[in-house]
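Take a look at the structure set out below.
The values are calculated or read from the model by the stated rules, or taken from the named source; none is laboratory data. Fair warning: this is a prediction, and the values are worked out from it, not measured in the lab. Please note: Cβ atoms are built from the backbone with ideal geometry, for glycine as well, and neighbour counts cover all protein chains shown.
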Amino acid sequence: MFQDKVVVITGGNHGIGKRIAQRFQENGAHVAVMDVTEGDYFVGDAGKKEDLEAFAAYVLEKYGHADYLINNAPPRMKGIDDCTYEEFEAALRVGVTAPFYLSKLLMDHMPAGSAIVNISSSRDRMSQPQTESYTAAKGGIAALTHAMAVSLAGKIRVNSISPGWIDTEDQPWSGPDAYQQPSGRVGVTDDIAQMALFLCSDKAGFINGENICIDGGMTRQMIYHGEHGWIRE
């Protein structure tokens, strides 16, 4: 399906990003990964302007263009009690500024029919205490998605995915952790990877500016004490 297409992924060495990279490679794509950890790919920090510029230059030198961009690098989660100004700003750089700037760097080198997929979170619409830096970044990228979709209309489709609870190690969960969820289980990375591939495919040609929440139905479930495995202590 994606034979010889060029896919650019940030945060592609672990969890959701790694599985997306694997699935694209299995479908014949060339995958360019940027990650902050050491490895056999482009090592760089999505929160640094110079690293984003170097990564874009690397992609264009190696492939000449990009067909798909997956903005996946995760921001740090810290809460209002302990998060400093600098830490909050850094989370926004990784979670919002980096997707914007990397898209800007690559957009003129993406052919008509290309796609950008931003990885947001179900935290863009719901919260736990002390998660402000991560939640703000994920809300920002969800809004950035529809803004970019309008600006790039007619050339590049832009959508976002909001994962719920995804076990990035794909380990089985049982008991209340599983049955409290309407789908009866915790999510796995492939739940998100398959949607990313779909959104980049021609089958999704009429989906644009959308944020798709993949959370097993959790954000649609009303929660009361004693139901669905939820106990208020």
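Observations
- Positions within the range 172-203 being under 16 Å from residue 68 (Cβ atoms) and surrounded by fewer than 18 Cβ atoms within 10 Å (Cβ to Cβ), in sequence order: 194, 198, 201, 202, 203
- Just one of (1) modelled with pLDDT under 90; (2) touching a strand residue (DSSP E or B) at 6+ places or on another chain (Cβ under 6 Å); (3) among the small types (Gly, Ala, Ser) fails for residue 178. It is (2).
- Residue satisfying all of: in the range 99-138; of a type in the set (Gly, Ala, Ser) and more than 12 Å from the chain's Cα centre (by Cα); nearest to residue 220 (Cα to Cα) among these: 127
Each row is one residue, and each column tells you yes or no for (1) outside any helix (DSSP H, G or I); (2) over 21 Å from residue 27 (Cβ atoms).
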{"residue": "170", "(1), (2)": "yes, no"}
{"residue": "173", "(1), (2)": "yes, yes"}
{"residue": "191", "(1), (2)": "no, no"}
{"residue": "195", "(1), (2)": "no, no"}
{"residue": "224", "(1), (2)": "yes, yes"}
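- A single entry from 26, 87, 61 fulfils the requirement of being charged (D, E, K, R), more than 26 Å from residue 162 (Cα to Cα) and surrounded by fewer than 21 Cβ atoms within 10 Å (Cβ to Cβ): 61.
- For residue 202, the stated conditions hold: it is at pLDDT 95 or above and of a type in the set (Asp, Glu).
Residue-wise test of (1) among the charged types (D, E, K, R); (2) touching a helix residue (DSSP H, G or I) at 6+ places or on another chain (Cβ under 8 Å); (3) in contact (Cβ under 8 Å) with a residue 60 or more places away in the chain.
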{"site": "3", "(1), (2), (3)": "no, no, no"}
{"site": "8", "(1), (2), (3)": "no, yes, yes"}
{"site": "18", "(1), (2), (3)": "yes, yes, yes"}
{"site": "30", "(1), (2), (3)": "no, yes, no"}
{"site": "49", "(1), (2), (3)": "yes, yes, no"}
{"site": "56", "(1), (2), (3)": "no, yes, no"}
{"site": "63", "(1), (2), (3)": "no, no, no"}
{"site": "105", "(1), (2), (3)": "no, yes, no"}
{"site": "111", "(1), (2), (3)": "no, no, no"}
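- The residue that is modelled with the lowest pLDDT, among those in the range 140-165 that are within 12 Å of the chain's Cα centre (by Cα) and under 30 Å from residue 81 (Cβ atoms), is 164.
- Residues in the range 111-119 include none that are at pLDDT 95 or above, more than 14 Å from residue 72 (Cα to Cα), assigned to a helix (DSSP H, G or I) and in contact with a Lys or Arg (Cβ under 6 Å, 6 or more places away or on another chain).
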